[in-house]
Amino acid sequence: MKTRKDIWTVKHNHRVALAVGAVLSTMSVAPQAVAESTSAASQSNEASSVETLSVYGSRMDTQKANAGVAVSTVSLEEIEKRQGSNVTDLIRHLPNVSVLGGGRDAAQSVSIRGLSSDNGRVIQLVDGARQNFSVGHRSSLFIDPELLRSVEVVRGPSSTLWGSGALGGVFAQNTKSASDFLSGTETLGGYVKQGFHSNDNASRTSGAVFGRTETVDWLVQSYYHDSDDSQLGNGKTLSYSADREKGGFAKLVFTPSLDHQWTFTARQGELDDMSPSNPSVKEPSGSYLLVYRETRDQSLSVAYDYSPASHWVDINSQLYFNNTEMKEHRVASQERDNNETQTIGFSITNTSNIKNIDLITGLDLYRDSYETKRDDSSAPGERPAGQDANAESIGVFGQINIPVFDQIRWQAGVRFDSYQGEDNRPTSLDSESRDHAWSPSTALTWNATEQLALTASYREAFRAPSLEEMYASGTHFVVPMGPTKLINRFIPNPDLKPEHSANKELAITYQFTPTSYFDNAYVDARLFRNDVDDFIDMNVDFMGGTTTRENVQDAKLEGIELSLHHQLGGFTNNLSYSQTEGKDKETGSYLDNIPAHKFVAETDYALATLPVSIGGRVSHYAEQTDTNDAKTYDGYTLWDVYASYSPNGAWDGVKFDLAIDNLTDEQYTRAWAQVASPGRDIKLNVRYQF
């Protein structure tokens, strides 16, 4: 077993000084944010509602206003209650949202309705900027939850507004601003926060300073976390699951007038861990060597919003740059690899609202540069070849929402994307690939009564082949066979076609009239079928010695989602049930990585007389037997509880958050994972805001 003390030499008693020092040392950068207010709801409620929104502030707001699109929001209050070490901790309870990869954070990805972010079939956004880093078996979830004010998840194909990759959906992470901390006439403040997680002996330290004037808001924030190996429900240790993380964030919003607003954002994170080269396997082996991994993630963005007193013009634009570098040191062989992805992008949208007709139009363009270096000094010619490639994409889109009759609204949209990929290596035989895609969508909503809305929708999406899928070359793996070796090599395939999906969905939403039994309540039910064609898969010809990515599969994914929300006084209750089933349309065989059926019940109570809230959640995951072999995955039930307390008087400014995940110390392994997930974890955070 390895703990952080075997890998790093940072002492626990230096953590607070490190975090506070980092905040003070970056004060000269002086940034912040303006803006959207956080959802007042204490739970992650569905964004669908009978009431139709007529003015959209962003593409995400546009999707929330469409009853044919399922959107869930995790609020700042919920984020603080969860005390997650990863964004997956914040969203895994949502309907048809699951976590793949097992118990190590370094392996985890987000799956929405059976399609995963680790292969680019779900788009990840941070403050509207695409996060396009993708390397086989490695997680691309680098932002720390401490920086987030909300997470929004779109379930189902969404390429009309978001372009390539939105086959399964979108999850958008939105960072904090000074307005999340300052209220009333306050103009300057800060906080320090210390947390402890019992399961992996994790220490989580963070701090921030923030302020505002009539025209400028700013925030500077930093964090430092480290942890030992996780403990499983059976008392055993999940080896090589320790990690160390640190980073900082700065945001500055300049609002010279009511019409104009500029937002400048800078973010940097560092994550170090030691795990098998494929962190989703149980232990290092001859095939998956032990690797010390250093990940450096940086982002810069400038956003400009122009909102004059006009029904025709409401412009949102953004220029952003991301750089993610992952260095890997193969411990036994002393070989050093490097993976780096850079993305530069620009987007602009305009929203018009004329006589109850809503129109959103926009332009997206981005360029990815992907470079890898492989060290094969211990066995020349027996490693994947290094890569040097880039991809460019440009998309234009429009979507309109029109009242057809008094009770019926029609939404229609279309997007055109043109993209190309290029292999820059001099050894490349077919160095360029070009293609394009159309992504239409439509939805018809009938408000049958003031409470009842029915929506039928059709949405298409696509995913362009990744640079790694098209241009991978060199050795895939080596198998000793007596005195000889069987060497399997990658064969590039720049002729890959894009994956396409077509989603048909029916939604019924009923908003109850307030009574003495509830102040607010609704039911949301959804039935969907998503047909995905030209799935890109890895075809391994073991005896032929080749591995090629090919368009080999047409699939269908069907499912249902049921959600019930109830609120009365200080009580808030949420129930949900979700399932997805996936099959190959030609052979009838089951698809891999389809989540088990899930039932989630949660209740929360905020005391009226005391600044205290308490709550709990039970999540039941059914047995997953829809596999193509004898391997099945047992069902399990997880109990989580939490409480928050903000005392007044002499303790004003102090906030205590207590959460216990997996209260019963259940030993469980998620469906399709090789590695079990952690057992009971008692988490305590204390924050002092001044």
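The values are calculated or read from the model by the stated rules, or taken from the named source; none is laboratory data. All values reported here derive from a predicted model rather than from experimental measurement. Here Cβ is always computed from backbone atoms with ideal geometry, including for glycine, and neighbour counts include all displayed protein chains. Areas reflect the complete protein model, heavy atoms only, side chains present, ligands, DNA and RNA absent. Shrake-Rupley method; radii C 1.70, N 1.55, O 1.52, S 1.80 Å.
Points worth noting:
- Pairs, first surrounded by fewer than 24 Cβ atoms within 10 Å (Cβ to Cβ) in the range 243-260, second in a loop (DSSP other than H, G, I, E, B) and aromatic (Phe, Trp, Tyr), C-beta under 8 Å, six or more apart: ARG244/TRP8
- Just one residue in the set GLY184, GLY189, GLY163, GLY211 is farther than 24 Å from ASP652 by Cα and not charged (D, E, K, R); that residue is GLY163.
- Residues satisfying the stated conditions in the range 650-660, i.e. of a type in the set (D, E, K, R) and in contact (Cβ under 8 Å) with a residue 24 or more places away in the chain: LYS655, ASP657
- Residue within the range 669-681 that is in contact with a His (Cβ under 8 Å, 6 or more places away or on another chain), open to solvent by less than 30 Å² (accessible area, probe 1.4 Å), under 23 Å from SER75 (Cβ atoms) and touching a residue at least 12 places away in the same chain (Cβ under 8 Å) present: yes
- Members of the range 212-222 that are touching a residue at least 40 places away in the same chain (Cβ under 8 Å), open to solvent by 10 Å² or more (accessible area, probe 1.4 Å) and of a type outside the set (Val, Ile, Thr): ARG212, ASP217, TRP218
- PRO308 being open to solvent by 40 Å² or more (accessible area, probe 1.4 Å) and either under 30 Å from SER677 (Cα atoms) or of a type outside the set (Lys, Arg) (or both): no
- Elements of type strands (runs of 3 or more DSSP E) in the range 568-678, at least 2 residues being of a type in the set (Phe, Trp, Tyr): 571-584, 598-606, 636-645
- Any chance GLU558 is more than 27 Å from ILE79 (Cβ to Cβ) and surrounded by fewer than 16 Cβ atoms within 10 Å (Cβ to Cβ): no
- Within the range 551-569, the set of residues being free of Cβ contacts under 8 Å to residues at least 40 places away in the same chain and farther than 23 Å from LEU527 by Cα comprises VAL552, GLN553.
- Of all residues in the range 603-639, those satisfying the criterion of being touching a Phe, Trp or Tyr at 6+ places or on another chain (Cβ under 7 Å) and of a type in the set (A, V, I, L, M) are VAL612, ILE614, VAL618.
Listed here are the residues, each with its yes/no results for (1) under 17 Å from SER159 (Cα atoms); (2) touching a residue at least 40 places away in the same chain (Cβ under 8 Å); (3) within 26 Å of the chain's Cα centre (by Cα).
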residue: ILE400; (1), (2), (3): yes, yes, no
residue: TRP410; (1), (2), (3): no, no, no
residue: SER418; (1), (2), (3): yes, no, yes
residue: THR449; (1), (2), (3): no, no, no
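- Some residue of the range 209-218 being closer than 25 Å to ASP105 by Cα, of a type in the set (Gly, Ala, Ser) and assigned to a strand (DSSP E or B): no
- Boolean, SER72 is of a type outside the set (A, V, I, L, M), open to solvent by 10 Å² or more (accessible area, probe 1.4 Å) and in contact (Cβ under 8 Å) with a residue 24 or more places away in the chain: no
- Residue match in the range 177-196 (condition: in contact (Cβ under 8 Å) with a residue 12 or more places away in the chain, of a type in the set (S, T, N, Q), surrounded by 24 or more Cβ atoms within 10 Å (Cβ to Cβ) and farther than 18 Å from LEU684 by Cα): yes
- Wholly within the range 387-441, strands (runs of 3 or more DSSP E) carrying at least 3 residues that are touching a Ser or Thr at 6+ places or on another chain (Cβ under 8 Å), open to solvent by 20 Å² or more (accessible area, probe 1.4 Å) and within 24 Å of LEU506 (Cα to Cα): 408-423
- Considering the range 141-176, the residues that are touching an Asp or Glu at 6+ places or on another chain (Cβ under 6 Å) and open to solvent by less than 10 Å² (accessible area, probe 1.4 Å) include one that is farthest from THR295 (Cα to Cα), namely GLY163.
- All conditions but one from (1) touching a residue at least 40 places away in the same chain (Cβ under 8 Å); (2) under 30 Å from SER277 (Cα atoms); (3) open to solvent by less than 40 Å² (accessible area, probe 1.4 Å) apply to HIS329; the one that does not is (1).
- Filter result for the condition that a residue is open to solvent by 30 Å² or more (accessible area, probe 1.4 Å) and within 21 Å of the chain's Cα centre (by Cα), over GLU371, GLU382, GLU340: GLU340
- Scanning the range 526-546 for residues that are surrounded by 19 or more Cβ atoms within 10 Å (Cβ to Cβ) and of a type outside the set (D, E, K, R) yields PHE528, ASN530, VAL532, PHE535, ILE536.
- Residue count for the range 458-491 satisfying the condition of being within 30 Å of ALA448 (Cα to Cα) and either open to solvent by 40 Å² or more (accessible area, probe 1.4 Å) or charged (D, E, K, R) (or both): 3.
- Screening the range 618-650 for residues that are out of contact with any strand residue (DSSP E or B) (no Cβ under 9 Å at 6 or more places or on another chain) and of a type in the set (A, V, I, L, M, F, W, C) and picking the one that is surrounded by the most Cβ atoms within 10 Å (Cβ to Cβ) gives ALA650.
- Selection from the range 492-525 of residues that are in a loop (DSSP other than H, G, I, E, B) and surrounded by 17 or more Cβ atoms within 10 Å (Cβ to Cβ): PRO492, ASN493, PRO494, LEU496, PRO498
- Meets criteria (farther than 17 Å from GLU586 by Cα, in contact (Cβ under 8 Å) with a residue 60 or more places away in the chain, β-branched (Val, Ile, Thr) and out of contact with any Gly (no Cβ under 8 Å at 6 or more places or on another chain)) for THR548: no
- Within the range 451-475, residues that are touching a residue at least 60 places away in the same chain (Cβ under 8 Å) have Cβ atoms under 6 Å from residues that are acidic (Asp, Glu) and in a strand (DSSP E or B) in these pairs: SER457/GLU505; ARG463/GLU499; TYR471/ASP423, counting only partners at least 6 apart in sequence or on another chain.
- On the stretch given as the range 460-491, residues that are part of a loop (DSSP other than H, G, I, E, B) and among the β-branched types (Val, Ile, Thr) total 1.
- Residue satisfying all of: in the range 343-368; touching a Ser or Thr at 6+ places or on another chain (Cβ under 6 Å) and of a type in the set (A, V, I, L, M); surrounded by the fewest Cβ atoms within 10 Å (Cβ to Cβ) among these: ILE348
- Every residue from the range 572-593 that is within 30 Å of GLU77 (Cα to Cα) and either crowded, with 17+ Cβ neighbours inside 10 Å or modelled with pLDDT under 95 (or both): THR572, ASN573, ASN574, SER576, TYR577, SER578, GLN579, THR580
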